[in-house]
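The structure under discussion appears below in the form of structure tokens.
The values are calculated or read from the model by the stated rules, or taken from the named source; none is laboratory data. This one's a predicted model, so the numbers in the text were calculated from it and none came from an experiment. As a convention, Cβ positions derive from the backbone with ideal geometry for all residues, glycine included, and neighbour counts pool all protein chains shown. Accessible surface is based on the protein model in full, side chains and every heavy atom, while ligands, DNA and RNA are left aside. Shrake-Rupley method; radii C 1.70, N 1.55, O 1.52, S 1.80 Å.
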Amino acid sequence: RAKFMGKNTFIFFHDEMTVKLRENIEIENQLVKAINQDGFALYYQPVVDAKTKNIVSYEALLRLKDSNLSPAKFIPIAEETNLIIPIGKWVIEEAVKQIKRCANLGKEIPIAINVSPKQLKDSMFVFTVQKAIEEYQIDPRLIEIEITENIMIENKAEALNVLNELRKLGITIALDDFGVGYSSLNYLTYLPINKVKLDKSLNDKFLNANDSKVIEGLIMLFKSLKVKVVAEGIETEEQYNILKHIGCDYIQGFYVGRPRADF
Ligand code: C2E
Ligand code: MG
Ligand code: MG
Ligand code: MG
């Protein structure tokens, strides 16, 4: 579009791109530093049973220790630069350590780990997970892996293989951010998925007192597929009550609890 807008406009776009590039390089440097200097932390957000409000699991969410840069900003850069591989490894190990710490205190609670398509495509991924399980002697059923439908964009057969191997280890697979992309229902028929997480944007749009039919329909569909449903980003009691009423299995969001450094 820029070329129709004259020379000055083009230069403006160019400058904006340079700023963006410089910002990305700065973030990349921050990530490298965090990898080398123990600069990451995991926060944990509770997920509750809709009926009882009992905590059923936690989701591990990555943070930079000395910065409030959001993962929504730095994860895409970690992916582009492949830094997600060492970062993802750290996340897996740290989450497994947390599972172990809890188990030692007599609390066996599953922790969900977010995994990028790049990680899943890495030939060492399953080995990394297996090694952590063995090293810390934890029950693999306490690990959940959250994936997004993007994993199916490139090598479907390979992604499917990895997921099946994880399932064989006893690990739970959750499809994250449902409702954000194309959300092809096709995937659901052949991916070995145990849970689906309805994205905040979907809940914000379709969950209100007059009309919750879209969410209600999805919940019915997933029930018939024997897939559990987690509603994400729930901030109000009203949303919570509607979800409980329409039979949503699990609920996550600020209404239930924010991500915290420990639990
Ligand atoms: P996600 O996996 O869908 O995680 C949910 C995000 O929604 C988290 O943002 C969480 O803090 C936020 N959230 C939860 N409840 C509410 C709510 O009620 N209201 C609002 N406004 N937000 C809520 P966060 O921690 O900033 O993470 C953003 C995304 O970054 C995650 O989305 C996930 O895709 C990615 N991410 C985070 N940690 C990791 C990681 O360790 N590895 C990878 N590959 N990706 C990660
Ligand atoms: Mg997630
Ligand atoms: Mg999500
Ligand atoms: Mg996400």
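Residues that are open to solvent by less than 70 Å² (accessible area, probe 1.4 Å) and closer than 19 Å to Ser57 by Cα: does segment 203-210 have at least one?
Checked segment 203-210: no residue is open to solvent by less than 70 Å² (accessible area, probe 1.4 Å) and closer than 19 Å to Ser57 by Cα.
Starting from residues that are open to solvent by 60 Å² or more (accessible area, probe 1.4 Å) and touching a helix residue (DSSP H, G or I) at 6+ places or on another chain (Cβ under 8 Å), keep the ones in segment 43-63 and report whichever is farthest from Ile242 (Cα to Cα).
Arg63
Quick one: how many residues across segment 30-84 are small (Gly, Ala, Ser) and assigned to a strand (DSSP E or B)?
Number satisfying all stated conditions: 3.
Looking at (1) open to solvent by 50 Å² or more (accessible area, probe 1.4 Å); (2) of a type in the set (Phe, Trp, Tyr); (3) within 20 Å of the chain's Cα centre (by Cα), which is the one condition that is false for Phe222?
Checking Phe222 against (1) open to solvent by 50 Å² or more (accessible area, probe 1.4 Å); (2) of a type in the set (Phe, Trp, Tyr); (3) within 20 Å of the chain's Cα centre (by Cα), the one that fails is (1).
Within segment 169-182, is even one residue over 29 Å from Ala95 (Cα atoms) and either open to solvent by less than 20 Å² (accessible area, probe 1.4 Å) or away from ligand 1 (no atom under 16 Å from the Cβ) (or both)?
Among the residues of segment 169-182, at least one is over 29 Å from Ala95 (Cα atoms) and either open to solvent by less than 20 Å² (accessible area, probe 1.4 Å) or away from ligand 1 (no atom under 16 Å from the Cβ) (or both), which makes the answer yes.
Name the pairs: first residue in segment 51-71 and within 18 Å of Trp90 (Cα to Cα), second residue within 16 Å of ligand 2 (Cβ to nearest atom) and open to solvent by 50 Å² or more (accessible area, probe 1.4 Å), Cβ to Cβ under 7 Å, at least 6 apart or on different chains?
Listed by first residue and then by second, the contacts come to Leu61/Tyr43; Arg63/Tyr43.
Restricting attention to segment 144-158, does a residue exist that is away from ligand 2 (no atom under 16 Å from the Cβ), in a helix (DSSP H, G or I) and in contact with a strand residue (DSSP E or B) (Cβ under 8 Å, 6 or more places away or on another chain)?
no
Pairs, please: C-beta under 8 Å, at least 6 apart or cross-chain, first residue away from ligand 4 (no atom under 16 Å from the Cβ) and among the small types (Gly, Ala, Ser) and in segment 146-175, second open to solvent by less than 10 Å² (accessible area, probe 1.4 Å) and outside any strand (DSSP E or B)?
Ala159/Leu120; Ala159/Met152
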